[in-house]
Amino acid sequence: MLEMSAETDSAEHIVRVKGTNSNGNWENSVPEVVSYLKTGNYSFYVHAANRSINVTHQKSAAGNEYIKTEPDSTKRDNLLSLPRF
């Protein structure tokens, strides 16, 4: 699940994500997820259409770090296709 920013410029941005794992429910900010991905302490994925797609991080041209799914042939597993909270 995703929490999106208020639309203050030309685009919304993901600010928080929620999910479940073997320990129960979790919720993290995008900077926390980016930090976990960089250190390799945790991995994140989207499960859709009977597949699991890895979540990665990237830096925009403006220097802002964000998360995204690895590219594949469907949009059903993209982060923006997840439910919002």
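Determine if the stretch 42-49 includes at least one residue that is modelled with pLDDT under 90, within 17 Å of Lys75 (Cβ to Cβ) and either among the aliphatic types (A, V, I, L, M) or not in a strand (DSSP E or B) (or both). Steps first, please.
Step one: of the stretch 42-49, the residues modelled with pLDDT under 90 are 47-49.
In the following step, the residues that additionally are within 17 Å of Lys75 (Cβ to Cβ) were identified as 47-49.
From the residues that got through so far, the ones that are either among the aliphatic types (A, V, I, L, M) or not in a strand (DSSP E or B) (or both) too are 48-49.
For the stretch 42-49, residues modelled with pLDDT under 90, within 17 Å of Lys75 (Cβ to Cβ) and either among the aliphatic types (A, V, I, L, M) or not in a strand (DSSP E or B) (or both): present.
Would you say Thr20 is in a strand (DSSP E or B), at pLDDT 95 or above and hydroxyl-bearing (Ser, Thr, Tyr)? Write out each step before concluding.
On the way: in a strand (DSSP E or B): yes; at pLDDT 95 or above: no; hydroxyl-bearing (Ser, Thr, Tyr): yes.
No, not satisfied.
Can you name the residue in the stretch 1-41 that is among the aliphatic types (A, V, I, L, M), surrounded by fewer than 15 Cβ atoms within 10 Å (Cβ to Cβ) and over 10 Å from the mean Cα position of the chain (by Cα) and, of all such residues, is nearest to Leu79 (Cα to Cα)? Explain how you work it out, then say what you get.
The first filter runs over the stretch 1-41 and keeps only residues among the aliphatic types (A, V, I, L, M), leaving 1-2, 4, 6, 11, 14-15, 17, 30, 33-34, 37.
When the remaining residues are screened for being surrounded by fewer than 15 Cβ atoms within 10 Å (Cβ to Cβ), the result is 1, 4, 6, 11, 15.
So of that shortlist, the ones also over 10 Å from the mean Cα position of the chain (by Cα) come out as 4, 6, 11.
Working: Met4: 11, Ala6: 17, Ala11: 15 Å.
Per the criteria, the residue is Met4.
What's the total number of residues in the stretch 54-85 that are surrounded by fewer than 15 Cβ atoms within 10 Å (Cβ to Cβ), in contact (Cβ under 8 Å) with a residue 24 or more places away in the chain and either touching a Gly at 6+ places or on another chain (Cβ under 6 Å) or outside any loop (DSSP other than H, G, I, E, B) (or both)?
3
The values are calculated or read from the model by the stated rules, or taken from the named source; none is laboratory data. Values in this document were obtained by computation on a predicted structure and should not be read as measured data. Cβ atoms come from the backbone with ideal geometry, glycine included; neighbour counts cover every protein chain shown.
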